[in-house]
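Trainee: Just dropping this structure here.
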Amino acid sequence: MGRELESTKRTIPKKIFVDLDGTLLLSDSVWELVVMAIKITPLELLFSLWGLLWSGRALFKERLTRAVLAAATPENFNVKLLPYNKALIDQLSLLKKEGCSLILATGANQLLAEKIVELDKDFFDGYIASDHNSNRTGQRKLELITANSGGDGFGYIGNSVVDLPIWREAVWRAFVCNSWLTKKMVSSVVFDLVVDVRSSRLKALLKALRPYQWIKNILIFAPAILAHTIFDLSTLIANFWGFVSFSLLASTIYLINDAFDLFSDRAHPKKRFRPFASGSLPVGSILFFLPLFGSAAFLIALSLGGEFLFVLISYLLLNLLYTFRLKQLLVIDLIILATLYILRLSAGAAVSKVELSPWLFLFSLFIFFSLACLKRYSEINQNLLKVDDKLSGRAYKGIDLSILQNLGVVSGMLSVLVVALYINSPTVWKLYLSPNWLWIICPALLGWITALWISSARGEYLEEDPIILSFKHPATYFALITIVFSIIAATSF
């Protein structure tokens with residue numbers, strides 16, 4: 001938090017100019033626009049980049065801003081939902097009460113600046129921004145501020161070394177500190193107000209990578225375990241690297257999803273705290289982390305063989321299709337979610353050099369379809385949607401709650417039936433000494449699926465991700481212990 005206004009030593013001027021990117025906003029508006037342009041108007045982004053090469057930054061910002069605002073809907077770009085610096089806004093409110101006139105002074109295009117100022121016409125008294133001819137940052141911004149202040153002393157609030165010329169001319173200076181390096185670089189300036197919004201970028205990155213979700217990739221080991229080849233050292237090592245490759249790719253996809261779901265996440269009661277949505281991780285950093293983690297995933301995949309690489313590419317493409325389009329399609333999104341789990345099993349079969357059993361395929365299809373239904377069910381339940389309310393960014397409404405529950409429960413029961421049919425098949429007698437021990441799996445699965453759905457219906461463990469819900473539920477551990485015991489007993493006795 002910043003120091004209180006009463007602690008300032010110099011008289012606060014009548015006009016205070018407020019920077020936008022990294023100051024009023026915790027993020028950079030240009031990168032926000034670039035990411036949204038990739039999603040909603042990629043051709044216009046290419047034209048804008050062409051303009052950047054030939055006409056400079058000013059025209060680039062103009063074309064980019066105009067294109068995104070023209071194509072935007074509230075779900076994919078909403079100025080009201082940008083990550084505003086609440087700590088600074090609190091201080092600005094105090095300045096307003098002191099009788100100060102607040103003016104937005106930004107290098108962003110005037111089309112965006114106008115939208116922001118219009119959000120609360122009583123807050124800002126005007127704006128200075130770039131147009132198609134002039135990129136108004138640094139010295140150019142200072143000239144406009146000086147002209148606008150009418151020769152009187154002015155105050156300035158910024159966050160970057162680019163603001164140094166303006167701070168030197170200002171009679172009242174405020175600094176939004178979001179980086180220890182920037183703080184060191186501007187240490188020669190004496191500030192009247194400091195608003196410290198620094199946070200751990202490493203912690204934010206780890207949160208964005210979602211390492212807890214890597215637990216899903218343990219499915220890669222399943223084909224080798226069921227084929228009884230997991231204890232072969234070369235197979236175990238190959239499965240481990242397959243797990244690492246899939247985990248790195250999964251984290252890469254999470255970064256893409258979060259970047260492109262910025263505004264739907266910001267409208268969500270819990271997702272708005274995600275690193276990109278909240279502004280704790282710069283949207284522009286995706287250009288560094290995506291190639292880093294993505295290339296690492298594919299370099300490992302290349303060493304594991306063409307079949308594994310093909311599955312990994314299929315997983316990536318299907319995920320991207322899901323991100324950009326398929327997740328907005330009714331029921332199809334559930335099938336895709338189930339298919340993504342099956343691809344993990346296919347990757348395990350490829351790296352273990354075994355065939356994916358049709359029994360395992362059918363079981364996976366039904367159990368993961370059930371979990372996909374549980375995911376959407378929990379999202380609707382969590383958001384307390386009414387009958388006609390639509391789930392943000394999805395095709396489901398409150399009225400769909402009961403049908404999702406019915407589909408999920410039935411699909412879960414069918415997975416138990418597949419296990420029962422598998423246990424009764426001739427294949428089992430070739431793999432296990434005492435297959436009858438495997439019958440214990442059926443009631444364990446039945447109890448686990450039932451417990452998850454009852455808990456979700458009651459609003460217990462109300463998480464939108466079924467994996468999180470599963471590992472918080474005591475029934476999961478009971479089922480796992482029972483299943484492991486039955487497999488060991490069937491193999492050994």
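Trainee: Looking only at residues that are over 20 Å from residue 216 (Cα atoms) and part of a loop (DSSP other than H, G, I, E, B) in the range 411-469, which one is modelled with the lowest pLDDT?
Mentor: The qualifying residue modelled with the lowest pLDDT is 460.
Trainee: Kindly indicate which of 381, 406 is under 18 Å from residue 455 (Cβ atoms), polar (S, T, N, Q), surrounded by fewer than 22 Cβ atoms within 10 Å (Cβ to Cβ) and at pLDDT 90 or above.
Mentor: It is 406.
Trainee: Select from the range 115-135 the residues that are under 25 Å from residue 59 (Cα atoms), outside any helix (DSSP H, G or I) and free of Cβ contacts under 8 Å to residues at least 60 places away in the same chain and list them in ascending order.
Mentor: Within the range 115-135, 126, 127, 129 qualify.
Trainee: Another question about this same structure. Could you say whether any residue in the range 250-271 is over 30 Å from residue 359 (Cβ atoms), surrounded by 16 or more Cβ atoms within 10 Å (Cβ to Cβ) and without any contact (Cβ under 8 Å) to a residue 24 or more places away in the chain?
Mentor: Restricting attention to the range 250-271, the residues satisfying the condition of being over 30 Å from residue 359 (Cβ atoms) are 251-252, 254-271.
Filter once more, so that each one left must be surrounded by 16 or more Cβ atoms within 10 Å (Cβ to Cβ): 251-252, 254-268, 271.
Remaining after also requiring without any contact (Cβ under 8 Å) to a residue 24 or more places away in the chain: 265, 271.
Among the residues of the range 250-271, at least one is over 30 Å from residue 359 (Cβ atoms), surrounded by 16 or more Cβ atoms within 10 Å (Cβ to Cβ) and without any contact (Cβ under 8 Å) to a residue 24 or more places away in the chain, which makes the answer yes.
Trainee: Does residue 240 qualify as being surrounded by fewer than 16 Cβ atoms within 10 Å (Cβ to Cβ), modelled with pLDDT of 95 or more and assigned to a helix (DSSP H, G or I)?
Mentor: So residue 240 fits the description; yes.
Trainee: Looking at (1) more than 21 Å from residue 23 (Cα to Cα); (2) under 25 Å from the mean Cα position of the chain (by Cα); (3) touching a residue at least 60 places away in the same chain (Cβ under 8 Å), find the lone condition where residue 73 falls short.
Mentor: (3)
Trainee: Working only within the range 95-114, note down all residues that are assigned to a helix (DSSP H, G or I) and buried (at least 16 other Cβ atoms within 10 Å of the Cβ).
Mentor: Result: 95, 96, 110, 111, 112, 113.
Trainee: Going by what's in this entry, would residue 433 be described as among the aliphatic types (A, V, I, L, M), surrounded by fewer than 15 Cβ atoms within 10 Å (Cβ to Cβ) and either out of contact with any Lys or Arg (no Cβ under 8 Å at 6 or more places or on another chain) or closer than 30 Å to residue 331 by Cα (or both)?
Mentor: When the stated conditions are applied, residue 433 passes them.
Trainee: Identify, please: which residue in the range 62-87 is in contact with an Asp or Glu (Cβ under 9 Å, 6 or more places away or on another chain) and among the basic types (Lys, Arg) and is, among those, surrounded by the fewest Cβ atoms within 10 Å (Cβ to Cβ)?
Mentor: Among them, the one singled out is 66.
Trainee: Condition first: polar (S, T, N, Q) and either over 20 Å from the mean Cα position of the chain (by Cα) or part of a helix (DSSP H, G or I) (or both). Now tell me which residues in the range 20-40 satisfy that.
Mentor: 23, 29
Trainee: A further question on this structure: Can you say whether residue 124 is within 30 Å of residue 271 (Cα to Cα), aromatic (Phe, Trp, Tyr), crowded, with 17+ Cβ neighbours inside 10 Å and at pLDDT below 90, as far as the supplied structure shows?
Mentor: Spelling it out, it is not the case that residue 124 is within 30 Å of residue 271 (Cα to Cα), aromatic (Phe, Trp, Tyr), crowded, with 17+ Cβ neighbours inside 10 Å and at pLDDT below 90.
Trainee: Just a yes or no: is a residue in the range 347-358 free of Cβ contacts under 8 Å to residues at least 12 places away in the same chain and either surrounded by 17 or more Cβ atoms within 10 Å (Cβ to Cβ) or assigned to a helix (DSSP H, G or I) (or both)?
Mentor: yes
Trainee: Name every residue in the range 384-403 that is of a type outside the set (A, V, I, L, M), farther than 12 Å from residue 457 by Cα and at pLDDT 80 or above, in order of residue number.
Mentor: Within the range 384-403, 400 is the sole residue that qualifies.
The values are calculated or read from the model by the stated rules, or taken from the named source; none is laboratory data. Given the structure is predicted, the values throughout are model-derived calculations rather than measurements. Cβ atoms come from the backbone with ideal geometry, glycine included; neighbour counts cover every protein chain shown.
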